[in-house]
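The values are calculated or read from the model by the stated rules, or taken from the named source; none is laboratory data. Bear in mind that the values here come from a model prediction, so they are computed numbers and not experimental data. Neighbour counts run over all protein chains shown; Cβ positions are idealised from the backbone, glycine included. For accessibility, only protein heavy atoms count, side chains too; no ligands or nucleic acids. Shrake-Rupley method; radii C 1.70, N 1.55, O 1.52, S 1.80 Å.
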Protein chains: 4
Amino acid sequence: MNVALFGAGRIGKIHAANLARQPGISLKYVVDISPEATAELARQYGAQTAVSESVLGDSSVKAVVIASSTDTHADLIVRSAGAGKAIFCEKPVDLDLERARKCADAVSKAGITCMIGFNRRFDPTFAALKKRLDSGEIGEPEMLIITSRDPGAPPVSYIKGSGGIFKDMLIHDFDMFRFILGEEAETVYAAGSCLTDPAIAEAGDIDSTVVSIRTRQGKLCQINTSRRAVYGYDQRFEVLGSQGMLQAGNVRPTEVASYTSKAVSTDVPEAFFLERYSAAYATEMAQFFGAVRESGPVPITVEDGVKALELADAASRSWAEKKIITL
Amino acid sequence: MNVALFGAGRIGKIHAANLARQPGISLKYVVDISPEATAELARQYGAQTAVSESVLGDSSVKAVVIASSTDTHADLIVRSAGAGKAIFCEKPVDLDLERARKCADAVSKAGITCMIGFNRRFDPTFAALKKRLDSGEIGEPEMLIITSRDPGAPPVSYIKGSGGIFKDMLIHDFDMFRFILGEEAETVYAAGSCLTDPAIAEAGDIDSTVVSIRTRQGKLCQINTSRRAVYGYDQRFEVLGSQGMLQAGNVRPTEVASYTSKAVSTDVPEAFFLERYSAAYATEMAQFFGAVRESGPVPITVEDGVKALELADAASRSWAEKKIITL
Amino acid sequence: MNVALFGAGRIGKIHAANLARQPGISLKYVVDISPEATAELARQYGAQTAVSESVLGDSSVKAVVIASSTDTHADLIVRSAGAGKAIFCEKPVDLDLERARKCADAVSKAGITCMIGFNRRFDPTFAALKKRLDSGEIGEPEMLIITSRDPGAPPVSYIKGSGGIFKDMLIHDFDMFRFILGEEAETVYAAGSCLTDPAIAEAGDIDSTVVSIRTRQGKLCQINTSRRAVYGYDQRFEVLGSQGMLQAGNVRPTEVASYTSKAVSTDVPEAFFLERYSAAYATEMAQFFGAVRESGPVPITVEDGVKALELADAASRSWAEKKIITL
Amino acid sequence: MNVALFGAGRIGKIHAANLARQPGISLKYVVDISPEATAELARQYGAQTAVSESVLGDSSVKAVVIASSTDTHADLIVRSAGAGKAIFCEKPVDLDLERARKCADAVSKAGITCMIGFNRRFDPTFAALKKRLDSGEIGEPEMLIITSRDPGAPPVSYIKGSGGIFKDMLIHDFDMFRFILGEEAETVYAAGSCLTDPAIAEAGDIDSTVVSIRTRQGKLCQINTSRRAVYGYDQRFEVLGSQGMLQAGNVRPTEVASYTSKAVSTDVPEAFFLERYSAAYATEMAQFFGAVRESGPVPITVEDGVKALELADAASRSWAEKKIITL
């Protein structure tokens, strides 16, 4: 099966490497605005460089992987759907809710396979937590606590175009809320502050947030997020249920413990998402091509992408307008 | 120094035992509405049974410990202050904010020593976290996460007179928020549900809550609380700071770990507050009598009790009226 | 019940404090070679100072607690047994095996209650491990690993009169081997080195040892011991069984965890035996007086004391003579 | 660089997969006594099936990877060395010490690169421990505790030809002792029992061992080994040093923790060596080809293989003859 990859940046390279491990998959095209990056990635995997028109017009291409910048996602989804390609698209679908919904419509009309890359669902620890929760190990879930902190803030230039912390960073957490609890939000409340760098506030954004969600069935979710955790990438989930609690903890590079006269020390968590989610990236790619091959359902639909964006949008408004948002 | 104890119930017995260990302190009177409980506790510690009038009229009594039911606290504080006694009073000061403020006024006018028994501040683990935070170990604190879950709900009859979950249970968490961050709340948001027992909802209360606080300086606090954690008494704090994170974890009865073909298992946390906070109860009593002896300041004033109640009141209103409360 | 205490040093003070908490027990006499220490301890607990003759001649004294220096144990045991007193004696019975056996004979002939203070058996974590092992939780035990390390070496002057590391320090570990596995040794092998302080070697002793024991039923035990673990008092047990493993870990003063850019850190273990085994000291005293009161069996007999000494003796010879000792 | 692989079994497949990831390396031949296994592995990696004569006679083959059965190692090493090939050989060099020494001679005379596959040295956790130890983090090492337990015993048919537990299983631990402490043994003592399956005893072997080693510099090492740990593959190291302790713990498949009314549970360790050491296998192959490419030294020489075998031999004799072996 011939595949085209849009985007030759950091995340595009990860997908290219995982594509190369899928049996029966051949990377035919790489498309990116940087000629150098495109050429290098294409060469590395024996693919050709191309522009989107020719890729979408090549009927031998059955699937596209969209890992280009966020502002190109919607257009590529709509055009790829129109061309009948199966689509794997990085999160988010778009920063604008209306445009995201149009993508969902386009996918629906075209009847093609489309999966959104919320990679965290495929992390071995988080997936195991979800499976055990669904097996009834702790009874009925009642409360979900999400801790989601990056090791450090990206450049302010990035933040300016990011859509704000709720759409850029918490979009993952909103998806995980829906994934873990399997319910939809009724109310969303978000508060936040700019505590790590005044330049972020000047850019109209915040770096520290607390979000509370209540579902239609009355379940409760709290999310705490920071752009800066100096000890590493902090990604944890905790579900309190009627018969117990499940926690998903961080992963450490090694299991060395050091005992000195002052403290017992272990490794800090993995540095950032490339290290933390390397297995997750591999698994999501395998699941996408598995779904394409068997014409089966994908684990994360474009509607899931829209739902996460709705929550991010609601949280943004809750914070900006200082009110509780009812969905 | 002669001391009188009001309350011969569960918490009164703990205080009596800790009183007995204070050097130079003699328990002279025990006062309680149950003649049997009063007599037994008095006998055990060589004290006399009495009624409040005679206790407060005995000029040899220098201090009183109030561990009777919540609805008696305000009256006993005002009368004890009027009689010039040093006062240790269990939390809360009162369920009603106005009455609590009147207690603070009475204490202030009388110029006597008055300490409120927010025992958690004296837990070795929490006290160590606070000390290390103040030493600058993790830089400037930015975010506080409080997990506070009881092993099981009290009888609904108790809940009916409890003032609601925010005044009965979260009052401790509100005090710990103030203690740890050392700042005052600007906004409070609370949501909640009744998830463990419909009878609690019928009594007009909830059993599961999520609270978000933003301080005047922009720091963020999230509290999650449940009346039921089947694995034990779950009391944790986590502070994210500019240079790191401090966590205060649960305490286990033993350090046995069991490895079987299915899992690696350790003990569940201590069962409930009597086990978890036994050291804290001893320390708070020592600190109270130390302050009385040296006419020094108490670590928790009646104003602290009022402030915690203000937060509980705000949270109650936020939940009931579905709005964000600005203090 | 009137009790006499021999020894007003560090360990004598601990026993005095625990004696004071036993219901129905009155400390009548304190005996020690230091008049000041004797007087102070006697005064603190309302006892009299005395010499051993008068104590043993006072028929109102039903029990003695021997916490004086090791070289006085055997004599006091024999004389107290002769006087019909119940005896609690600190470990070891004696440094000389023959003298220890004579104590056992004296106790046996007198038919009195005699308990040896191997305090570690009463540590909550170790006692829980033993109980769970006996319940069959990990099937049949096969291998026992004992880690036993002091935070720092005592003065060389102490070491010179200690009987050597095997009788002074590992005597506890040999008792715990017998307690946990419930079997007797067939062969003992010990090796060692002086690694922490050359003065210990000059005194004819070592500070680091590894011991292997094989029981008559073929079970295996390894003990590793050091006079110096700079991170604190390291006392761990691990039992591998046919259906799992049980570990007994160290206890930490607090449950604070610190996350910085370099490491995740927790507390070092409790500093030394007074902190680590405070609960164990209280429990052993309660069990001794419980046995005396009910004329029941004691959990650790003088024969147990002899058996532990036999193992220490065998290990000493194995190390000194560089051979495997068969018992 | 063309490479030949001897052995198409379990371990041969792992090496083939890692070979395929080395840049500039081409697997030209697969040699195995099973035609089916050979053909399948050759086909999977685009290699040819061959017999050893033609492989060693092909001058385009620069390196061989020996992963065939132990009894073929020595012959293949000697012949490959004679043919001037660089050699990667699975442990052990041979079960017979004299034959192993002849391999070392052959390698030395031929002046070729030869690395022995003691994979554990490359485990990220163990390698990090070694690096930190060498950096002086805990001062001078004094004592090493090795825990090495398999999840279950292999078939007795395998055990019969294994050379016994010391040469088959502890050979790894002996290599790790040398790797971590960087010293040579002076005395070795080994005891053992057959506790898991009487058939192992009937085959003349044991399944549970305790080994003590004292180095020429007086450092101490204890190894405990079992053929059966029902909770998984248990591989731990602990080094006590003059200024602290370093521990290398097991790795868990996920970081999920479950809290129920009975226990707090986490995952059991990885199931067995293929899971536990997958990263180590990849790293050792990369290091071997790195050394070949740069004509540099290999991290584990054939002399290291001989030394580990000497220790296994000494331990076997210590156990069989019930005596302490001085090397």
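Numbers for the structure displayed
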| quantity | calculated |
| --- | --- |
| Rounded accessible area per residue of chain D, 1.4 Å, Å² | 36 |
| At least 40 Å² of accessible area lost relative to the chain alone, listed for region C:134-153 with a 1.4 Å probe | C:E142, C:M143, C:R149 |
| Size of electric dipole in chain C: Cβ of Lys, Arg +1 and of Asp, Glu -1, about Cα centre, debye, nearest 20 | 360 |
| Pairwise FRET efficiency - B:T326 versus A:Y45, Cβ, R0 = 51 Å, nearest 0.05 | 0.35 |
| Cβ neighbours within 10 Å from other chains - mean over D:203-216 | 3 |
| Per-copy distances of the A:A199 label point, shortest first, in nm (7 angstrom along Cα→Cβ) | 5.8, 6.0, 6.9 |
| Inter-copy separations for A:S261, label at 7 Å along Cα-Cβ, nm, ascending | 2.6, 4.8, 4.9 |
| Fluctuation leader among B:T209, B:T266, B:T70 - chain B, Gaussian network, Cα springs under 10 angstrom | B:T266 |
| For region B:141-272: span of alpha carbons on each principal axis (Å, largest first) | 51, 46, 20 |
| √(5λ) per eigenvalue of the Cα gyration tensor, region C:81-190, largest first, Å | 26, 22, 14 |
| Chain B: DSSP helices with Cα axial extent of at least 27 Å and average Kyte-Doolittle hydropathy no lower than -1.0 | B:302-321 |
| Residues of region C:275-315 with amide N under 12 Å of the 7 Å Cα→Cβ point at C:E184 | C:304, C:307-308, C:310-311 |
| Cβ-derived FRET efficiency at R0 56 Å, D:E36 paired with A:R216, nearest 0.05 | 0.45 |
| With 5 Å bins from 0: P(r) over region A:257-327, alpha-carbon pairs, percent | 3, 12, 10, 10, 12, 12, 12, 10, 9, 6, 2, 1 |
| Normalised alpha carbon radius of gyration of region A:193-327 [divisor 2.2 N^0.38 Å] | 1.36 |
| Rule-of-thumb Rg ratio for region B:177-255 [Cα; 2.2 N^0.38 Å; N residues] | 1.34 |
| Test item: Cα-centred dipole of the protein assembly as shown, Lys/Arg +1 and Asp/Glu -1 on Cβ, debye | 0 |
| Distance between modelled label sites at A:D71 and D:S135, nm, 7 Å Cα→Cβ extension | 4.3 |
| Only Lys, Arg (+1) and Asp, Glu (-1) charged, at Cβ; region A:209-251 dipole about Cα centre in debye | 200 |
| Accessible area buried between chains D and C, both sides summed, probe 1.4 Å, in Å² to nearest 100 | 3100 |
| Computed over region D:65-144, the ratio Rg/Rh where both radii use C-alpha atoms and Rh is Kirkwood | 1.12 |
| Percentage, to the nearest whole number, of Cα pairs in region C:32-108 over 18 Å apart | 43 |
| Distance-filtered residues of region C:112-148 - backbone nitrogen under 12 Å, label point 7 angstrom along C:E294 Cα→Cβ | none |
| Hz values of 3J(HN,Hα) by residue in region A:294-300 - Karplus curve (6.51, -1.76, 1.60), Gly and Pro given as x | 9, 6, x, x, 8, x, 9 |
| Leading residue at positive end of dipole, region D:134-193 (Cβ point charges), from D:G164, D:Y189, D:I138 | D:G164 |
| Inverse mean reciprocal Cα-Cα distance (Kirkwood Rh) of chain D, Å | 20.7 |
| Accessible area, probe 1.4 Å, largest first, for residues B:I112, D:I171 | B:I112, D:I171 |
| Residue-averaged 222 nm ellipticity for chain A, from DSSP H runs of 4+ at -39500 (n - 2.57), nearest 500 | -12000 deg cm²/dmol |
| Qualifying lysines (Cα of each under 24 Å from Cα of B:K322; at least 8 residues distant if same chain) | A:K219, A:K307, A:K322, A:K323, B:K160, B:K167, B:K219, B:K307 |
| The protein assembly as shown, Rg to Rh (Cα coordinates; Rh as Kirkwood inverse mean 1/r) | 1.01 |
| Within chain C, percent of DSSP bridges classed antiparallel, to nearest 5 | 55 |
| Label geometry 7 Å along the beta-carbon vector: B:I33 inter-copy distances in nm | 6.4, 7.4, 8.9 |
| In region D:240-327, the GluC sites (Glu not before Pro) that fall in loop regions by DSSP, at most 12 other Cβ within 10 Å | D:E294 |
| For region B:225-291 and region A:197-231, distance of Cα centres in Å | 27 |
| Accessible carbon and sulfur surface of the protein assembly as shown relative to its total accessible area, %, 1.4 Å | 51 |
